[in-house]
Amino acid sequence: MYFAVKNMNTKPILTVKNLSVVFPDNNGGLHALDDISFEVFPRDFICFLGPSGSGKTTLLRILANLLPPTTGQLNFIHNQHPQIGMVFQQSNLMPWRTVMDNIKLPLELENMDESTARIKAQEMIELVGLNGFEDSWPRDLSGGMAQRVAIARALIHDPDLLLLDEPFGSLDAITRERMWTELSRIWQAKQKTVIMVTHSINESLFLADRVLVLTQRPGKIKFDLKVDLPRPRNDDIRYTPHFGKLARKLRETIE
Amino acid sequence: MDINPLKVFHPSSAKRNGMWLRVLSLGLGLVCWQITSIFSGVEVFILPPPLKVWSRFLVAAQDGSLFRDIGVTFSEVVLGLIVGVTFATILGYSVAKSRALEQVLSPYLVASQAIPVVAIAPLLVLWFGYGMFSKVLICALIVFFPVLINTIVGIRAVPQAFYDLMKSLRASRKQILMKVEIPAALPIFLGGLRIGATLSVIGAVVGELIGSKYGLGNLINRARVGYDMPMVYVAVFMLIFLALGLYGIVARIEKKLLRWQETFERLNV
Ligand SMILES: Nc1ncnc2c1ncn2[C@@H]1O[C@H](COP(=O)(O)OP(=O)(O)O)[C@@H](O)[C@H]1O
Ligand SMILES: [Mg+2]
């Protein structure tokens, strides 16, 4: 479990200090994020919980090196930017690539040879349960299937850090809850460091080790909750009193 | 229940029916033309019946001169397309990627769109002579604009999310070009190419009509001067087939490259 396993000597793989982001606009700049500081340890599953507009996507874009912070620091272990796997709110699949070809894109970019890439992609397809859909086009996939492809693509190159931007936000409630179990299982199997953002309390509690609550714009960390629910987690855990207690705590800080 | 096998919808049989209807329609058109030219009282000289055109075609095909003219026009059209598309694609991509370049070039681009190439064709023929070069130039100019615009629009339409994805995976500029920008812009680009292909035929003919040594436009002039009306019709039909052929080739390329789009069915020519 989280507390038992963590060695106090482990170094954080990512330290974020006093990070702020201001987008230029006509009246003095739009403050998207304000004074964000946190640490991420290997194999953490951290969730940022915040309403829309609280700068969640902006934060992930900074972590993925897509956007420079206005002020503040971002220190990665060994001072090098880690390999990133990213899942976006919209599955962001390339419509001209089949499921197989979408999944192996990160390997192509590393110039891995075709046959090895296909074998690895096939493993990922099995991991996310899409056997038989290798040659399907994205337009023929349901929302849930498309997000599975996106998750497989984000994991295939064995990234150091997985960034998830409301990955299930566009799915219906039933599919979304099924995907939580799936993601939890995949995380258990791959033991990745994950930073996820969401606006769903249940989603953050079900998946994360730690939930950081962001305020309405500008996004500021208002609350830091350790989720001491046992793993592996299954659906039933959402109906335990402890889950309910944690959920109430989060709801109270948000309101 | 009434299960009539003839009522079962079958896509391939629908396609075959569509083709028969087209053949029937063309056949009817020819019959009407033949009847009109015989019974309408219009001079055969002005409206020769299709059979006469057909036999004129056979004669011209046998002495080989027809194919020389077709070959010349075809080469001008294709060379013009290649030159125009190459320049338009390179410039279009650069403009799409650089707002500064767009600002610098936009007055010229707008002006070049406003100039009807057909109107300056006589000048081009005057400057560059009666040979193929002036026609290739006219074709290239006429093809240039639609392909340029479609390249710009196509590249600008690439969703930001794909760039984010590629950058998060540390893709190089070349990888982004090859794996995102080209495939994403391809549908719109090929739309421009399809328009360009037909325009290129027009460009070549206009150039040849103004002043040339060979080519189908030249053939039309020669036949007209010699009061050989059936030959004019032969040349016109050859031009139609040339344009249709090019259009068909581009449509075929589209169908092959854009298999991933559901809309590729609409290109069923
Ligand atoms: N590139 C940008 N330029 C200007 N404003 C931006 C940009 N990206 C995001 N914003 C603004 O920053 C705020 C936070 O946006 P975002 O990070 O997308 O929030 P969230 O993902 O939590 O909904 C929003 O008000 C948004 O309009
Ligand atoms: Mg967002």
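The values are calculated or read from the model by the stated rules, or taken from the named source; none is laboratory data. Being a predicted model, the structure only gives us computed values, none of them experimental. All Cβ positions, glycine included, derive from the backbone under ideal geometry; neighbour counts span all protein chains shown. Just the protein is used for accessible areas: all its heavy atoms, side chains included, with ligands, DNA and RNA removed. Shrake-Rupley method; radii C 1.70, N 1.55, O 1.52, S 1.80 Å.
Got a sec to turn the phi values of region A:70-84 into Karplus ³J(HN,Hα) couplings, 6.51 cos²θ - 1.76 cosθ + 1.60 with θ = phi - 60°, whole Hz, x for Gly and Pro?
Along region A:70-84, the couplings run 6, 9, x, 10, 9, 10, 9, 4, 6, 6, 10, 5, x, 5, 10 Hz.
Please work out the ratio of the alpha-carbon Rg of region B:127-269 to 2.2 N^0.38 Å and round it to two decimals. It would help to have the intermediate numbers written out before the result.
Working: Rg = 20.1 Å, N = 143, 2.2 N^0.38 = 14.5 Å.
Normalised Rg, Cα atoms only: 1.39.
Between A:E126 and A:K11, how high is the FRET efficiency from 1/(1 + (r/R0)^6) when r is the Cβ-Cβ distance and R₀ = 41 Å? Nearest 0.05.
Numbers: r = 34 Å, r/R0 = 0.83.
About 0.75, to the nearest 0.05.
Order the peptides B:144-151, A:228-235 from the highest to the lowest mean number of other Cβ atoms within 10 Å of their residues.
Values: B:144-151: 23.2, A:228-235: 13.4.
Most protected by this proxy first, the peptides run B:144-151, A:228-235.
With each label point set 7 Å from Cα along the Cα-Cβ vector, what nm distance links A:H242 and B:R99?
If labels sit at A:H242 and B:R99, their model points lie 5.3 nm apart.
Per q in 0.19, 0.23 Å⁻¹, report the Debye log10 I(q)/I(0) for region B:178-258, using one uniform scatterer on each alpha carbon and no solvent.
Treating every Cα as an identical point scatterer, log10 I(q)/I(0) equals -0.80, -0.99.
Partner chain Cβ atoms within 10 Å, averaged over the residues of A:78-86 - can you pull that number for me? Write down the numbers at each step before the final one.
Numbers: counts 0, 0, 0, 1, 0, 3, 4, 2, 5.
Averaged over the peptide's residues, the number is 2.
How much net charge surrounds A:K17 when only other residues with a Cβ under 10 Å from its Cβ are counted (Lys, Arg +1; Asp, Glu -1)?
Numbers: positive: none; negative: A:D35, A:E39.
Overall, the nearby charge balance is -2.
Relative to the longest principal axis of the C-alpha atoms of chain B, give the angle of the C-alpha long axis of helix B:229-257, reported between 0 and 90° and rounded to the nearest 10°.
That works out to roughly 30 degrees.
Across the protein assembly as shown, what fraction of all alpha-carbon pairs, as a whole percent, falls in each successive 10 Å bin from zero upward?
So the P(r) values, bin by bin, are 3, 14, 19, 18, 14, 12, 9, 6, 4, 1, 0.
Counting pairs of Cα atoms in region A:148-240, how many percent are more than 17 Å apart? List each step's numbers first, then the result.
On the way: 2210 of 4278 pairs.
Roughly 52 percent, rounded to a whole number.
Just to confirm, what accessible area per residue do you get for region B:12-265 at 1.4 Å probe, in whole Å²? Could the numbers behind the result be given before it?
On the way: 13660 Å² over 254 residues.
Dividing the accessible area of region B:12-265 by its residue count gives 54 Å².
How far, in degrees from 0 to 90, does helix B:216-225 lean away from the longest principal axis of the Cα atoms of chain B, to the nearest 10?
With rounding to tens, the tilt is 30 degrees.
Measuring from the lowest to the highest alpha carbon on each principal axis, how far does chain A reach, largest first, in angstroms?
Computed over the Cα atoms, the extents are 48, 46, 40 Å.
Under 8 Å for C-alpha pairs, at least 6 residues apart: give me the relative contact order for chain A, rounded to a whole percent.
On the way: 461 pairs, mean separation 67.1, N = 255.
The value is 26 percent.
Across peptide B:158-167, how many C-beta atoms of other chains are within 10 Å of each residue C-beta, on average?
On the way: counts 0, 3, 1, 5, 3, 1, 10, 13, 4, 6.
Per-residue shielding by partner chains comes out at 5.
Which whole-angstrom value gives the distance between the alpha carbon centres of region B:107-156 and region A:79-121?
Here the two parts' Cα centres lie 42 Å apart.
Got the relative contact order for region A:24-88 handy, in percent, Cα pairs under 8 Å and 6 or more residues apart? Don't jump to the answer; show the numbers that get you there.
On the way: 20 pairs, mean separation 15.7, N = 65.
Once normalised by length, the contact order is 24 percent.
If amide hydrogens are placed 1.01 Å from N in the peptide plane, which non-local residues have theirs closer than 5 Å to the one on A:F223?
A:V213
Just subtract the alpha-carbon distance of A:F23 and A:R231 from 0.36 nm times their residue separation and send over the number in nm, one decimal.
Numbers: separation 208, 0.36 × 208 = 74.88 nm, distance 3.98 nm.
This chain segment gains 70.9 nm when fully extended.
Taking chain A as the reference, fit the longest principal axis to its C-alpha atoms, fit the long axis of helix A:173-190 to the helix C-alpha atoms, and give the angle between the two in degrees, 0 to 90, nearest 10.
80 degrees
Suppose R0 equals 41 Å. What FRET efficiency, 1/(1 + (r/R0)^6) with r the Cβ-Cβ distance, do B:Q62 and B:N17 give to the nearest 0.05? Mind dumping the intermediate values first?
Details: r = 37 Å, r/R0 = 0.91.
It comes out at approximately 0.65.
Taking each residue in B:168-177, count the Cβ atoms of any other chain within 10 Å of its Cβ, then average. What number comes out? It would help to have the intermediate numbers written out before the result.
Numbers: counts 15, 15, 7, 5, 1, 0, 0, 4, 1, 0.
Going residue by residue through B:168-177 and averaging, the value is 5.
Counting only C-alpha contacts under 8 Å and six or more residues apart, can you give the relative contact order of region B:12-265 as a whole percent?
Details: 276 pairs, mean separation 61.9, N = 254.
Contact order relative to length: 24 percent.
Evaluate 2.2 N^0.38 Å with N set to the residue count of region B:12-265, then give the Cα radius of gyration divided by it. Kindly include the intermediate steps, with their values, before the conclusion.
On the way: Rg = 22.4 Å, N = 254, 2.2 N^0.38 = 18.0 Å.
Ratio of Rg to 2.2 N^0.38 Å for region B:12-265: 1.24.
Let's test the formula: R0 of 35 Å, r as the Cβ-Cβ distance of B:R252 and B:R170. What FRET efficiency results, to the nearest 0.05? Can you show the working numbers first?
Details: r = 37 Å, r/R0 = 1.06.
For B:R252 and B:R170, the calculated efficiency is 0.40.
With a 1.4 Å probe on protein heavy atoms only, work out how much accessible surface A and B bury together, total over both chains, in Å² to the nearest 100.
Working: alone 12530 and 16340 Å², together 26940 Å².
Heavy-atom accessible area buried at this interface is about 1900 Å².
Quickly rank A:91-102, B:27-38, B:174-185 as a protection proxy: mean count of other C-beta atoms within 10 Å, highest first.
Values: A:91-102: 21.2, B:27-38: 12.9, B:174-185: 17.2.
Top to bottom by mean Cβ count within 10 Å: A:91-102, B:174-185, B:27-38.
Hey, any idea what the orientation-averaged projected area of the convex hull of region B:70-203's Cα atoms comes to, in nm²? Kindly include the intermediate steps, with their values, before the conclusion.
Details: hull surface 35.6 nm².
The number I arrive at for region B:70-203 is 8.9 nm².
Could you sort out which of A:K190/B:K255; A:K104/B:K97; A:K220/A:K245; A:K11/A:K190 sit more than 31 Å apart by Cα distance in this structure?
On the way: A:K190/B:K255 41 Å; A:K104/B:K97 27 Å; A:K220/A:K245 23 Å; A:K11/A:K190 20 Å.
Correct reply: A:K190/B:K255.
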